[in-house]
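J.: The structure's right below; bear with me while I get my questions together.
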Amino acid sequence: MQTQVTALCLAGGLLLGASTVHAALPDSARLYKNPSCGCCETYARHLESSGIDVEVIDSQPMGQIKEAAGIPYGQGSCHTVMMDGYVIEGHVPVAALEMLFEQRPEIDGIGLAGMPQGTPGMPGEQLAPYEVYQFTDGQARPFMTL
């Protein structure tokens, strides 16, 4: 009997832990993209599947958006997301977003440079670790590896 109660408490704790992490994510985001980019739409659907309402904005001057957002040179991707005071650059997996919003560090945002295969919104399987960077004032440094 005690084993069943312990297992039930453990399962309940895991569910509460999962919902707490999920609750850390903001309710909404604004995704800026090029009008012709399909993988950006797929990334927006990925965010929506995590409970985030995504406003997609087709914008031609992506360079200007990235510059204004402080994306470090050479660290760009195909879309830029504004989410609860942070900038999210590229196909950043939700695990990194959860960490960002749990910790809420004093940075401008996080990103995943390029369009790595297997990331949310990109086809294929992951071939190498995803190096997610953080940035402040246009300077990048490591945030986490997935």
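J.: If a residue has to be over 15 Å from L97 (Cα atoms), in contact with a strand residue (DSSP E or B) (Cβ under 7 Å, 6 or more places away or on another chain) and loosely packed, with under 12 Cβ neighbours inside 10 Å to count, how many in the range 24-54 make the cut?
T.: The qualifying residues number 1.
J.: Okay, moving on. Among the candidates I110, I71, I65, which residue alone is within 19 Å of P26 (Cα to Cα), surrounded by 13 or more Cβ atoms within 10 Å (Cβ to Cβ) and hydrophobic (A, V, I, L, M, F, W, C)?
T.: After ruling out the rest, the residue left standing is I110.
J.: From the set of residues in the range 24-67 that are part of a helix (DSSP H, G or I) and acidic (D, E), which is nearest to the chain's Cα centre (by Cα)?
T.: Looking at the filtered set, the residue picked out is E48.
J.: In addition: Being over 10 Å from the mean Cα position of the chain (by Cα) and in a helix (DSSP H, G or I) narrows it down to one residue among E98, E102, E106; which is it?
T.: Going through E98, E102, E106 in turn, just one is over 10 Å from the mean Cα position of the chain (by Cα) and in a helix (DSSP H, G or I): E102.
J.: Got a sec? Which of A113, A68 is hydrophobic (A, V, I, L, M, F, W, C) and without any contact (Cβ under 8 Å) to a residue 12 or more places away in the chain?
T.: Just a single option satisfies the conditions, and that option is A68.
J.: So, one more: Could you list, in sequence order, all residues of the range 116-146 that are in contact (Cβ under 8 Å) with a residue 24 or more places away in the chain, in a loop (DSSP other than H, G, I, E, B) and surrounded by fewer than 17 Cβ atoms within 10 Å (Cβ to Cβ)?
T.: D137, G138, L146, listed by residue number.
J.: Looking at the range 91-146 only, could you name the residues that are of a type in the set (S, T, Y) and more than 21 Å from I65 (Cα to Cα)?
T.: Of everything in the range 91-146, those that are of a type in the set (S, T, Y) and more than 21 Å from I65 (Cα to Cα) turn out to be T119, Y130, T145.
Since every read-out is calculated from the coordinates, none of them should be taken as a lab result. Because the structure is predicted, anything quoted here is derived from the model rather than measured. FYI the Cβ positions are ideal-geometry reconstructions off the backbone, even for glycines, and counts take in every protein chain you see.
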